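> Got a structure for you, questions after.
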Amino acid sequence: MHMSILTNRHTYLATLFKILVMALLYFISGKISFLIANENHIITIVIFAAEGFALAGVLLFGKSILPGILLGQFLLALNGNIPLLPSLGIALVNTAEAFIAWRIFTDYSFNTDLRHPKDLFKLFFVIAFILQPFSAFFGTAILYLSSIIEGKAYLDSLFSWWFGNTLGQMLWTPMLLLLYTQRQKIHIPDFTLLILFSILFSSLIFMLLPFSNLSIVILMTMPIAIYVAVTRGILYASIMIVILSMVSIYATYIHRGPFSGMSMLDNIINLNFYILSHILIVLGVGVLYREMKETKNRLAILNRTLETEVAQQVEKLNKQNLIMTQQARLASMGEMLGMIAHQWRQPLSSINSNIAVIQKLTSESMPTDRFLEEKLENVTKQTYFMSETIEDFSSFFRPDKQTSNFDPCIVLQRAFKLLETDINKITLHINCPQTTFLENYENEYLQVLLTILHNAIENFQVRNIQSPSLYINLYDKETHVRLEIEDNGGGVDPEKIEKIFDPYFTTNHTGKNSGLGLYMAKLLIEESMSGTLSVHNANRGACFTITLPKRRNDDT
């Protein structure tokens, strides 16, 4: 409760401080505007800076500072010898104008950092065609009804109010908004240097050099202001324009510079045209250039992103094409092996039948010939093995892309059987509890096991390992199954282990290895089976790790 009271008090004091600062800024900037304009103390056709401070304040801090605008304008009018009621009326009109501005820019997504050209031009449009027509009409009406201005001067006063306030807001509001929103990005040395340069440059143009032609003055100052807008940003350009404008107004006030050699009306027209042209052209070019630069950067980023995505998609398609090509080859081999198996079954069956007859005859004629009986039994086993082997290979190469529940340990035994001739020469250390099941592609799992085992067998042969051994461990986790196959072949060269899954990369330079086996194995595990395949050098040699979820992710 105590903290809440302190917070509320702090918020109240902060708001009060903002209101007082707003009132002070409004009053001082208004007094200076009337002073250098040398006109009546409530209407000026030259820049009325107080309106620029008021609009910037309400856009940055919201409607909470409206009392500051009301107080500042009220005191300014009283100080200009305006009676109490008209002063209050004018203060209410300008406060209502600020409230309308807050309402419009709040409802229609206005960025106070003027990031986009639409923000700047929206600001200028609302100022010129909504806020100041409202303020000028009701303000001059109050002055007319109070007999402060005469009827014949009404239209001149109406135009002066509208134009002076419009220039004041167009000049000061963008600079104040940018100064506040970019305050943390300001580089003080550069900022100070710009201010000093702008003061010296504008003093040279408007106080020292004998120029009297408006076009020459514009040609001398506008290119430099545009250069600042393009190279340093519109914050620096807006500061330069404010300094150029204030120095030119002051020079005209003391009857110096290019806007003092003609009649008062011509001087004011030329001065206002000079200021307005710089506001519209320099700031307009600045925000358009920034938008173009940001758009160019976004396009460059988009192009890089698209290039990366295209490269990734091409790589993905190449992988898929390679998988499809490999599967097509396997399917063709499966069809061929199927035909071979079909042709083999009848001769093998006949051989087994003939052996059965021979066994019967020999048992009757030579019941004690054990040697012949063993040989016949061996022939029977070999024919059975041939039949089973061709059936296993046909099943392996069958392109069935249906997931099934299988025991990885049984699939491992199938792999050993298919590589029986070479596996029999290797000592196996197997820890594979047959209580685990995976829902995935069984044949692809078998293909990966064959690739890894064949890779180990080749390594044993190339390195001439005298006592080759394989250490196989299956780990059943809660959500996945991990199979580790480690050999004692000495491991992989550390400089080459990162490339071992690259296509066409091989450590076997005998010409018997295409370098696609492990690449295809990794594609099958990671692209098709939602798992991971990795390798590292263990204590004895290379250790391949296959990790698969217990149930394949269907989104893969």
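The values are calculated or read from the model by the stated rules, or taken from the named source; none is laboratory data. Being a predicted model, the structure only gives us computed values, none of them experimental. Glycine gets a Cβ as well: all are built from the backbone with ideal geometry, and neighbour counts include every protein chain shown. Only protein heavy atoms, including side chains, enter the accessible area calculation; ligands, DNA and RNA are left aside. Shrake-Rupley method; radii C 1.70, N 1.55, O 1.52, S 1.80 Å.
> Only one of these is within 28 Å of Arg552 (Cα to Cα) and free of Cβ contacts under 8 Å to residues at least 12 places away in the same chain: Glu486, Glu498. Name it.
Going through Glu486, Glu498 in turn, the sole match is Glu498.
> Continuing with the same structure: Suppose we keep only residues that are open to solvent by 70 Å² or more (accessible area, probe 1.4 Å) and in contact with a Phe, Trp or Tyr (Cβ under 8 Å, 6 or more places away or on another chain) within segment 510-556. Which one would you say is modelled with the lowest pLDDT?
Checked segment 510-556; the qualifying residue modelled with the lowest pLDDT is Ser514.
> Then there is this: Go over the candidates Glu444, Glu420 one by one and state the one that is open to solvent by 50 Å² or more (accessible area, probe 1.4 Å) and either charged (D, E, K, R) or at pLDDT below 85 (or both).
Glu420
> Scanning for something free of Cβ contacts under 8 Å to residues at least 40 places away in the same chain and either under 23 Å from Thr231 (Cβ atoms) or among the small types (Gly, Ala, Ser) (or both), does segment 252-263 turn up at least one residue?
The answer is yes, given that some residue of segment 252-263 is free of Cβ contacts under 8 Å to residues at least 40 places away in the same chain and either under 23 Å from Thr231 (Cβ atoms) or among the small types (Gly, Ala, Ser) (or both).
> List the number of the failed condition for Ile472; all other conditions in (1) open to solvent by less than 30 Å² (accessible area, probe 1.4 Å); (2) modelled with pLDDT of 85 or more; (3) closer than 19 Å to Asp407 by Cβ; (4) under 41 Å from the mean Cα position of the chain (by Cα) hold.
The failed condition is (4).
> May I ask you to verify whether Leu179 is at pLDDT 90 or above, within 30 Å of Glu294 (Cβ to Cβ) and of a type outside the set (D, E, K, R)?
Taking the combined requirement at face value, the residue satisfies it.
> Ser109 versus (1) more than 43 Å from the chain's Cα centre (by Cα); (2) among the hydroxyl-bearing types (Ser, Thr, Tyr); (3) open to solvent by 50 Å² or more (accessible area, probe 1.4 Å): which is the lone unmet condition?
For Ser109, the failing item is (1).
> I've got another one for you. Tell me, please, whether a residue that is among the hydroxyl-bearing types (Ser, Thr, Tyr), more than 15 Å from Ala56 (Cα to Cα) and surrounded by fewer than 19 Cβ atoms within 10 Å (Cβ to Cβ) can be found in segment 119-139.
Residues of segment 119-139 among the hydroxyl-bearing types (Ser, Thr, Tyr): 135.
This time we only want the ones that are more than 15 Å from Ala56 (Cα to Cα), so: 135.
Subsequent filtering for residues that are surrounded by fewer than 19 Cβ atoms within 10 Å (Cβ to Cβ) retains none.
Within segment 119-139, not a single residue is among the hydroxyl-bearing types (Ser, Thr, Tyr), more than 15 Å from Ala56 (Cα to Cα) and surrounded by fewer than 19 Cβ atoms within 10 Å (Cβ to Cβ).
> I would also like to ask the following. Can you tell me which residue within segment 212-268, out of those that are small (Gly, Ala, Ser) and open to solvent by 30 Å² or more (accessible area, probe 1.4 Å), is farthest from Arg183 (Cα to Cα)?
Filtering first and then ranking leaves Ser263.
> Restricting attention to segment 49-88, which residues are over 27 Å from Tyr12 (Cα atoms), in contact (Cβ under 8 Å) with a residue 24 or more places away in the chain and either of a type in the set (Val, Ile, Thr) or open to solvent by 10 Å² or more (accessible area, probe 1.4 Å) (or both)?
Result: Asn79, Gly80, Asn81, Ile82, Pro83, Leu85, Pro86.
> Could you list, in sequence order, the residues of segment 100-141 that are of a type in the set (Asp, Glu) and closer than 21 Å to Gly164 by Cβ? First the steps, then the outcome.
Start the filter on segment 100-141 by keeping residues that are of a type in the set (Asp, Glu), which leaves 107, 113, 119.
Of everything in segment 100-141, nothing turns out to be of a type in the set (Asp, Glu) and closer than 21 Å to Gly164 by Cβ.
> Kindly establish whether Ile90 is under 19 Å from Ala77 (Cα atoms) and either at pLDDT below 90 or part of a helix (DSSP H, G or I) (or both).
yes
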